[in-house]
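Please read through the structure below; I'll follow up with questions.
Laboratory data are not the source of any read-out in this text; all were calculated from the coordinates shown. Being a predicted model, the structure only gives us computed values, none of them experimental. Because the Cβ atoms are built from the backbone with ideal geometry, glycine has one as well, and the counts that use them run over all protein chains shown.
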């Protein structure tokens, strides 16, 4: 990756954006049937009578979509996206069929490793938004980032 960033390239306050992805009912049901088979993810009729009042994506589906958005985003890290911890994970509102999602990541902290001089950690807050710019996922994660060689 020619545009890959090293630890020294990150600054607190930097933001990185992603493209977008639109979710269909079929995608919601397919993911749910394999990983989160609950009625409000699988069946429109059952979902109407649920807490959500309609079909919604699993939060884990939203997290997986967020990961896809991050991998394809401006947040290019030498050595790729390697997370070691999530300090926070929230789903403030559900994702529904037809929602178009995009992610924005903000650097919260940059710190060299004390035990591994060739790498450091970057703490990032990623918010995934729907088409109305309402957050549907908030993730604060710690990423392993290599230091620039030499």
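How much length is gained if the chain between residue 82 and residue 33 is pulled fully straight, taking 0.36 nm per residue apart and subtracting their Cα-Cα distance, in nm to one decimal?
Residue separation times 0.36 nm, minus the Cα-Cα distance, leaves 14.9 nm.
Once the Cα atoms of helix 59-71 and of the chain are each reduced to a long axis, what angle between those two axes, in degrees from 0 to 90 to the nearest 10, is obtained?
Long axis of 59-71 versus the principal axis of the chain: about 40 degrees.
A further question follows. Over the chain, what is the relative contact order in percent, taking alpha-carbon pairs closer than 8 angstrom and at least six residues apart?
Over the chain, the number comes to 30 percent.
To the nearest 10 degrees, how steep is helix 25-35 against the longest Cα principal axis of the chain, on a 0 to 90 scale?
70
Taking the Cβ of each residue in 65, 11 as the centre, tally the other Cβ atoms inside 10 Å and list the residues starting with the fewest.
Going from least to most buried by this count: 11, 65.
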